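Just so it is clear, none of the values below were taken in a lab; they were calculated from the coordinates. All figures in this text were calculated on a predicted structure; none of them were measured in a lab. Cβ: placed from backbone, ideal geometry, glycine included. Neighbour counts: every protein chain shown.
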Amino acid sequence: MRENGSEAAPGEVGEIVGRGPCLMAGYYKRPDLTEQTVRDGWLHSGDAGYLDEDGYLFLVDRIKDMIVSGGVNVYPKDIEEVIIQHPAVRDVAVFGVADEQWGEVPVASVVPADAGAVSVQELIAWTNERVSAKFQRIQDVVVCAEFPRNVAGKVLKREMREAYEN
């Protein structure tokens, strides 16, 4: 779905929304979240995706994780898929940080396979040579022993962004 509520064309990225007889009633004791998520009977997933010409659904990324750099939507997943290919990287999470010129720029947080296996500058150069567009170039790398995660094991990029900016 487009931001204006209309249906996206095949191949066009929009928010994944749905409705049906098994739609959740709402969040437990959180009417505020329910109101944001379920609107006019439609569940707004918070995920960006697209349908191909045959109607198959492809997940792109979380909308709240999307980086807007110079007016261009940058999906962290696209950059993460490049960085994880580096042999010295065990895990990666990309998030946006504020930038005066571009609005936001991508920063990568990595868990190395072995301590000291790759330098920050080497990983920035390696990544930026391989991403498909200039706006996907990372500006910095943070090396971590582990990522903060919620009880379900999901990486908490918001916490990583806050720690980086402070």
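Quick notes on this structure:
- Label-point separation, E81 to E100 (7 Å along Cα→Cβ), nm: 3.5
- Backbone HN-Hα couplings from phi across segment 88-105 [Karplus 6.51/-1.76/1.60, Hz, Gly and Pro as x]: 8, 10, 8, 8, 8, 9, 10, 9, x, 10, 4, 9, 4, 7, 9, x, 9, 9
- Largest GNM mean-square fluctuation across G71, G14, G96, computed for the chain with C-alpha springs under 10 Å, falls on G71.
- What you get for the chain, charging only the Cβ of Lys and Arg (+1) and of Asp and Glu (-1), is a dipole of about 460 debye around the Cα centre.
- Relative packing of 22-32, 37-47, which averages over residues the other C-beta atoms within 10 Å, highest first: 37-47, 22-32
- Projecting the alpha carbon convex hull of segment 66-165 along each direction and taking the average yields 6.2 nm².
- Alpha-carbon centroids, segment 101-136 and segment 1-43: separation in whole Å: 34
- Scalar couplings 3J(HN,Hα) for segment 20-35, obtained by applying the Karplus form with A = 6.51, B = -1.76, C = 1.60 to θ = phi - 60°, are x, x, 9, 4, 4, 6, x, 7, 4, 6, 9, x, 5, 5, 4, 4 Hz; x denotes Gly and Pro.
- Between the amide H of V142 and those of A108, S109, V110, distances stay under 5 Å, these residues lying 5 or more places away or on another chain, with hydrogens modeled in the peptide plane.
- Scanning the chain for DSSP H helices at least 30 Å long along the axis (C-alpha atoms) with a Kyte-Doolittle mean no lower than 0.5 picks out nothing.
- Taking N73, N150, N128 in turn, the Gaussian network model of the chain (Cα-Cα springs below 10 Å) assigns the largest fluctuation to N150.
- If the chain linking V151 and E3 were pulled fully straight, counting 0.36 nm for each residue of separation and taking away their Cα-Cα distance, it would gain 50.2 nm.
- The H on the amide N of V97, modeled in the peptide plane, is under 5 Å from the matching H of V105, V107, each at least 5 residues off or on a different chain.
- Interchain or long-range residues, amide H under 5 Å from D47's placed H: I16, I63
- Relative contact order for the chain, counting Cα pairs under 8 Å that sit 6 or more residues apart, in percent: 15
- 10 Å-binned pair-distance histogram of segment 1-97 (Cα, whole percent): 14, 35, 33, 16, 2
- Most mobile listed residue (Q101, Q136, Q121) in the chain, GNM with C-alpha springs under 10 Å: Q101
- In sequence order, calculated HN-Hα J values of segment 111-118 (Karplus, 6.51, -1.76, 1.60; Hz; x Gly/Pro): 10, x, 5, 9, 4, x, 6, 8
- For segment 107-156, dividing the convex hull volume of the Cα atoms by the residue count gives 95 Å³ per residue.
- Each label was represented as a point 7 Å from its Cα along the Cα-to-Cβ direction; for E35 and I124 these points are 4.4 nm apart.
- Shape category assigned to segment 6-47 from the gyration tensor of Cα positions, a/c cut at 1.5: prolate
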